[in-house]
Amino acid sequence: MLYPNRIQTALLFDTRVDHLETVMRDFLRIEGIRSNAHFHLSEQNPGRFYRLFEGTEELMVTLEYVDGPCDERHFAGPLASPYTGIVTPDIRSRIGRTYGHVLLEVSHGVMGGVEEDPKIAAMLEAIGRPRSGASQPQFERRLAVLTLLTRIAIDHAMPLAMHWTQSGLLLGGEVFEHIAASDSVPGPLHIHPQMFGPRAASGDTPLVGIRTFGARHWLGREIIVEPNVLPWTANFETILAFMRIATAENGYVIPDGDTFGPEDRSLSYRVLHHETGAMIGQTDPSPADMPLYELVPLKHLAHGFVSPEHVPDDRVIDDRAFPLDLMPADQDEKMALANEWFEKRKLAEGIGGRFEVRHPDVPAAAPPPPPAEPGLTGVSGRGVRARVFGRKGL
C-alpha cells in the first residue's frame with residue numbers, strides 16, 4: 001500500500017517495563033517543542049496503555065505494554081532475511097530472552113486506522129471521501145513521530161531487539177539508534193535490502209542481489225538489483241540515491257532505459273521499468289510478482305567495475321545541435337526525439353543535475369567542465385545522466 005496509515009514499532013525487553021508513562025510524557029513535551037503539536041490523552045490504563053490524539057492533524061499515537069514475549073511467528077519474514085543476521089547476528093537469541101514488549105503505533109484519522117481495511121477504503125473512495133493520511137507529507141509525518149517516540153523509549157531502556165514494521169526491519173535497539181541517526185527520508189530505516197543470489201562455488205566471489213521492501217511506500221514499486229560482483233552495500237547506496245532523486249523537490253523517477261550517476265562520473269546504473277509478470281533475470285528469469293524498478297550496474301570505479309555495455313563518458317552528443325547522421329530519417333520521429341531530449345533535460349536540471357546523451361559511435365569529446373555546485377558530487381544521486389537512444393546498456 002502506498003503511504004500505509006498504521007505504522008508500528010515493537011520493542012522487546014528482557015525485564016518488566018515500568019516507565020511507559022514517563023515515555024509518554026517525554027514525548028508530549030519534546031514533540032510539542034519540535035512541532036507545536038497539542039496532543040491530549042484520550043484513553044489510558046496507567047502503566048499499560050495510553051492513547052494520544054492531536055485534533056488539528058487527526059494524528060493518533062498509542063503506547064502499550066504487554067507483559068509477555070511476542071509470538072516469534074510474527075518475525076518469520078524478517079528472520080528469513082540475510083540482512084537481519086548481518087546487522088544483529090544474535091537476533092534469535094535475543095528474541096528467545098524476551099520477557100515483555102512495548103508496542104508503539106502512529107496513525108492518521110479518528111477511525112483509529114480501520115480505513116486500512118480494503119473494503120472500507122473502497123467504500124470511502126466510492127463516496128468521495130479521501131482516505132486519512134493518504135499523502136506523502138502525512139506519511140512522512142507519521143514516520144517522524146514514530147521515530148521520535150521510539151528514540152525516547154530507547155533512551156529510557158535499551159530493548160534487546162525491535163521490529164520496525166513499515167520496512168520489516170528486525171534488529172537490536174542499538175542498531176536502530178545508528179540507522180535512524182541519519183534522519184534521511186527515505187533512508188536505511190525505511191528500505192529493507194532483502195539479499196539473494198546463487199550459492200557460490202568454493203573459491204568464487206559470491207554474487208549478491210537486492211530486492212527492497214519499503215520502496216513501494218514512496219514509489220508504488222519495489223526496486224531490484226540482480227546478483228552481481230559489486231558489494232551489496234554499494235548497490236544499496238545507489239538504491240537510496242535513486243529514491244532521493246524520485247522523492248526530492250521537483251524530483252522524478254529515472255525513465256525506462258535511461259542511466260543515472262553522480263557528477264563525478266564515478267558510477268553509472270541503468271534503470272529498467274518492469275510490470276507485473278515481466279521476466280526478470282539474466283541466468284534464471286522469473287516473472288515479477290509486482291511492478292518493479294530494476295537498477296543495472298554499468299560502472300563503479302571505487303570497486304574497479306566497468307560493464308562491457310557501458311558507453312564511455314567521452315562519447316557525448318550535443319543534444320541541442322541534433323546530429324543529423326544519428327537522428328531518425330523520418331521528420332516526425334526526429335521531432336519526437338528532440339522533444340524527448342528537451343523534456344528530460346528539464347527534469348534533470350530541475351533537481352540541479354545535468355542531462356547528457358552519449359553514443360558509442362561518436363568521437364571522444366573533451367572532458368566536461370566540473371560541476372558548478374560541489375554539493376552535487378558524490379553518490380548523492382543528484383547528478384543525472386541519461387541515455388535516450390543508442391546501444392542498450394549504456
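The values are calculated or read from the model by the stated rules, or taken from the named source; none is laboratory data. This one's a predicted model, so the numbers in the text were calculated from it and none came from an experiment. Cβ: placed from backbone, ideal geometry, glycine included. Neighbour counts: every protein chain shown. In case anyone asks, the SASA skips ligands and DNA or RNA and just uses the protein heavy atoms, side chains included. Shrake-Rupley method; radii C 1.70, N 1.55, O 1.52, S 1.80 Å.
Tell me the net charge near HIS40. Cut-off is 12 Å between Cβ atoms, HIS40 excluded, with +1 for each Lys or Arg and -1 for each Asp or Glu. Let's see the in-between values first.
Details: positive: ARG51; negative: GLU43, GLU54.
Summing Lys/Arg as +1 and Asp/Glu as -1 gives -1.
Report, ordered by chain and residue number, the aspartates and glutamates lying within cross-link reach of LYS299, taken as a straight Cα distance under 13 Å and ignoring same-chain residues fewer than 8 apart.
Candidates past the 8-residue exclusion: ASP264, GLU309, ASP313.
Once the whole set of protein chains is in place, how much accessible area is left on LYS346, using a 1.4 Å probe, in Å² to the nearest 10?
110 Å²
Once you place label points 7 Å from the Cα toward the Cβ at ASP204 and MET335, how far apart are they in nm?
Distance between label points: 5.3 nm.
According to a simple spin-label model (label point 7 Å from Cα along Cα-to-Cβ), what is the distance in nm between GLU174 and GLU275?
5.0 nm
So if each residue of separation counts as 0.36 nm, and I subtract the Cα-Cα distance between ASP314 and ASP67, what length gain in nm does that give? Walk me through the intermediate numbers first.
Details: separation 247, 0.36 × 247 = 88.92 nm, distance 6.44 nm.
Gain in length upon complete extension: 82.5 nm.
Taking the Cα-to-Cβ direction at ASP284 and at ASP183 and moving 7 Å from each Cα, how far apart do the two end points lie in nm?
Between ASP284 and ASP183, the simple spin-label model gives 4.4 nm.
In what sequence, largest accessible area first, do SER167, SER202 appear using a 1.4 Å probe? Mind showing how you got there, number by number?
On the way: SER167 0, SER202 125 Å².
These residues rank, largest area first, as SER202, SER167.
List the aspartates and glutamates whose Cα sits under 17 Å from the Cα of LYS346, skipping any in the same chain fewer than 8 residues away.
Result set, ordered by chain and number: GLU249, ASP256, ASP258, GLU263, ASP318, ASP319, GLU356.
Within 10 Å of each candidate Cβ there may be at most 14 other Cβ atoms; applying that plus a DSSP loop requirement, which trypsin sites (Lys or Arg not before Pro) in segment 34-66 survive? Display every interim value, and only then the final one.
Numbers: sites: ARG34, ARG48, ARG51; in loops: ARG48.
Here the trypsin sites (Lys or Arg not before Pro) that fit, given the DSSP loop and packing criteria, are ARG48.
Kirkwood hydrodynamic radius (Cα pairs, Å) of segment 44-112? Intermediate results must be reported in sequence, preceding the final value.
Values: mean 1/r = 0.0696 Å⁻¹.
One over the average 1/r among Cα pairs gives 14.4 Å for segment 44-112.
Relative contact order for segment 221-318: what percent, with Cα pairs under 8 Å and sequence separation of 6 or more? Please list the in-between numbers first.
Details: 139 pairs, mean separation 25.7, N = 98.
26 percent.
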